[in-house]
1. Taking the range 68-88, which residues are open to solvent by 50 Å² or more (accessible area, probe 1.4 Å), touching an Asp or Glu at 6+ places or on another chain (Cβ under 9 Å) and part of a helix (DSSP H, G or I)?
2. Looking at the range 366-382, is at least one residue out of contact with any helix residue (DSSP H, G or I) (no Cβ under 8 Å at 6 or more places or on another chain), part of a strand (DSSP E or B) and modelled with pLDDT of 85 or more?
3. For CYS226, work out the one condition from (1) buried (at least 23 other Cβ atoms within 10 Å of the Cβ); (2) modelled with pLDDT of 95 or more; (3) under 15 Å from the mean Cα position of the chain (by Cα) it doesn't fulfil.
4. Being in contact with a strand residue (DSSP E or B) (Cβ under 7 Å, 6 or more places away or on another chain), assigned to a helix (DSSP H, G or I) and within 13 Å of TYR355 (Cβ to Cβ) is the filter here; which residues of the range 236-279 pass it?
5. Right, ASP27: crowded, with 21+ Cβ neighbours inside 10 Å, over 28 Å from the mean Cα position of the chain (by Cα) and of a type outside the set (Phe, Trp, Tyr) or not?
6. Based on what the data block shows, is ALA196 within 12 Å of the chain's Cα centre (by Cα), assigned to a helix (DSSP H, G or I), surrounded by fewer than 22 Cβ atoms within 10 Å (Cβ to Cβ) and not hydroxyl-bearing (Ser, Thr, Tyr)?
7. Filter the range 1-33 down to the residues that are among the polar types (S, T, N, Q) and closer than 17 Å to PRO59 by Cα, then identify the one that is modelled with the highest pLDDT.
Amino acid sequence: MTELRTLKVALLGCGNVGAQVARILIDDAGTLAPRTGARLELAGIAVRNLDADREVDLPRELFTTDGETLVKDADLVIELMGGIEPARSLILSAIQNGASVVTGNKALLAADGPALYEEADKAGVELSYEAAVAGAIPILRPIRDSLSGDRITRVLGIVNGTTNFILDQMDSTGAQFADALAEAQRLGYAEADPTADVEGHDAAAKAAILASLSFHTRFDLEHVYCEGITRVSAADIAAAKEAGFVIKLLAIAEKIGNGDGSEGVSVRVHPTLLPREHPLAAVRGAFNAVFVEAENAGELMFYGQGAGGTPTASAVLGDLVSAARRIVLGGPGRIESTTGHVPALPIDAATTSYYIGLDVADQPGVLAKIAQLFAEHGVSIEIMRQTIHRDADSNVESAELRIVTHRASEAALAATVEAVKGLDVINSVTSVLRVEGA
């Protein structure tokens, strides 16, 4: 029997995911070797604090604070530190020393991915990052490989488990945002500082990666329109439910025609109303799902656990085995597929529908004034619901209008909302949310 060669693996970071990756590499070494064609030896784990508590009991001698030396002697490097530095410098050092790299660092890839891809191409090594989007869900490889002969037209997905849990709690229990966030933090779904999640920054980084792969063009965070969920109220959730919708934070990347035969891509993240019969509407709790539309394959959906140490470690190990097999079998690294140069379009170019909540005076002619203004801006109303409220103290009645529009350009819809604010019968615009899938 041929003796298997040994490939040294350097692990950068030993948090929730990194600890599980280390455990699997040690515990499953015997089963990974025949799949890879080589023994994967965990050569060391670079951490900031050698004495930090870890959820997995790992050999003390594996730990080091000298990540630079560790990556120089490795055949394969797994980066799970997060953040921009020193992760970026260590990845570049690994690539320049001939090591293939597996990373889950979506923030780094969204901010500086093109430079890293270029360095990997020059060195003939692989830079793999399945774990950077949607945890355990295999979504990047299917887009990059399985659909490489097709033309993807649209990708939309729930790619942040924290916000999906919060919105699901609000929908199922009627909780206010602050209470649902507190529950997410208690259960470990949200960080003590949840800003990256609830403001949409995490989803925006993933949207940039999905768009880059789907449309063979490099997109970064500057190209992504981003809104978080902090302004979504329990009243919005209740009104959406009454109208047959559910609110989700969606990452959307879609190809849009410019009217002159050319095309561009809109990449955006924002709270969105979905009909309850839409497949993404049924994604509950902290789970993720990505919906892909392609010219020939049609509609595809990928669903699973979008976070957590063990699920995300599964994606990391998949990339690691693939990169290791390339080393064993020979051949160049997989280059980044950026053959296209499709321009990024501003949010104004998107075509969507709006859900608009209005607090209005309860008097004759109000509905006619609003309908006329919408018509003047070329926006058609699909659904209009009115609820009358009486103030207990003043005994003054007001009306709450909930409007869902037909699809129109984002620019026309935004202009309509601004014009509505100027009507003398409008007390306030209580909410503006986009609608998809209707």
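1. ARG88
2. Yes, the range 366-382 has at least one match.
3. (1)
4. ASP236, ILE237, ALA239, ALA240
5. No: the conditions fail for ASP27.
6. Details: within 12 Å of the chain's Cα centre (by Cα): yes; assigned to a helix (DSSP H, G or I): yes; surrounded by fewer than 22 Cβ atoms within 10 Å (Cβ to Cβ): yes; not hydroxyl-bearing (Ser, Thr, Tyr): yes.
Criteria met by ALA196.
7. GLN20
Quick grid of which residues meet (1) farther than 29 Å from GLY188 by Cα; (2) touching a helix residue (DSSP H, G or I) at 6+ places or on another chain (Cβ under 8 Å); (3) hydrophobic (A, V, I, L, M, F, W, C):
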| position | (1), (2), (3) |
| --- | --- |
| ALA10 | no, yes, yes |
| PRO34 | yes, no, no |
| ARG54 | no, yes, no |
| ARG60 | no, no, no |
| ASP66 | yes, no, no |
| ASP73 | yes, no, no |
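The values are calculated or read from the model by the stated rules, or taken from the named source; none is laboratory data. None of these values were measured; they are calculated from a predicted model. A quick note on method: Cβ atoms are made from the backbone with ideal geometry, for glycine too, and the neighbour counts reach across all protein chains shown. What goes into the accessible areas is simple: the full protein's heavy atoms, side chains included, and nothing from ligands, DNA or RNA. Shrake-Rupley method; radii C 1.70, N 1.55, O 1.52, S 1.80 Å.
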